[in-house]
């Protein structure tokens, strides 16, 4: 039997299994990733309540930290999936981005008033939502890899 | 959905699996893909070379933790060809079923 002799149904099943391997690789030990990601998000949001230029530095440091985390995780799992490239999971990433922007603006607003301490609960909210968001993204992505559409 | 087109370069089981993995990832490491499809380094290299020659896969090397790692990525042409091939397989499976 040659390697080309597989029925279309068998080929589709092989594709489904191979794609699922990516979902499994990405979600392997992902709790550590979720925890670090959420911590960075929380610090980024809370940092916006700090005076200039500390809040700017907090944003820049968070961007660098997110980039390093993504790189480290790709090296660890052997696969890199951009948060916004999967067709369905990207909407979770866009939603998380919108939530972070709102929380950062709120934190920034509180920082300009005499309630700068509210940046801390804003950061905690960001931490919790980021954790829930990354887990949701992973679930949607894994479902996406199991589906051929 | 892409127009269904059967692609003999992609259809061979190993290359089909490689393309399936790369279609879900932005980049994937050679070793991860090799382990996922359970082939030897040499077989994997041959498949990657054929996909690279067809313009479907881009290969890059990056040093990490003191060792060289090879990363694979589907090119836009590879993504389009794979999507068309999957559409054709789906059509054929529908005809057969």
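Nothing in this text is a laboratory measurement; each read-out follows from the coordinates by a stated rule. Everything quoted here is computed from the prediction, not taken from an experiment. When we count neighbours, we look across all protein chains shown, and the Cβ atoms used for this are built from the backbone with ideal geometry, even at glycine.
Quick notes
- Structure remark: mean-square fluctuation, Gaussian network model of chain B, C-alpha springs under 10 Å; the largest value among B:62, B:54, B:20 belongs to B:62.
- Values of log10 I(q)/I(0), in the order q = 0.08, 0.13 Å⁻¹, for the protein assembly as shown under a Debye, Cα-only, solvent-free model: -0.39, -0.83
- Taken residue by residue and averaged, Cβ atoms of other chains lying within 10 Å of the Cβ of A:17-26 number 6.
- Fewest-first ordering of A:17, A:72 by other beta carbons within 10 Å of each residue's beta carbon gives A:72, A:17.
- In degrees, nearest ten, helix B:13-24 long axis to first principal axis of chain B (Cα): 80
- Most fluctuating residue given options B:55, B:66, B:78, as computed from a GNM of chain B linking Cα atoms under 10 Å: B:66
- GNM top mover of A:104, A:52, A:122 - chain A, alpha-carbon springs below 10 Å: A:52
- Rg(Cα) / (2.2 N^0.38 Å) computed for segment A:8-145, rounded to two decimals: 1.22
- Shielding by partners, peptide A:71-84 (average Cβ within 10 angstrom, other chains): 5
- Helix A:89-111 axis versus longest C-alpha principal axis of chain A: approximately 10°, rounded to the nearest ten.
- Relative counts (whole %) of C-alpha pair distances in chain B, using bins that are 10 Å wide: 16, 48, 26, 8, 2, 0
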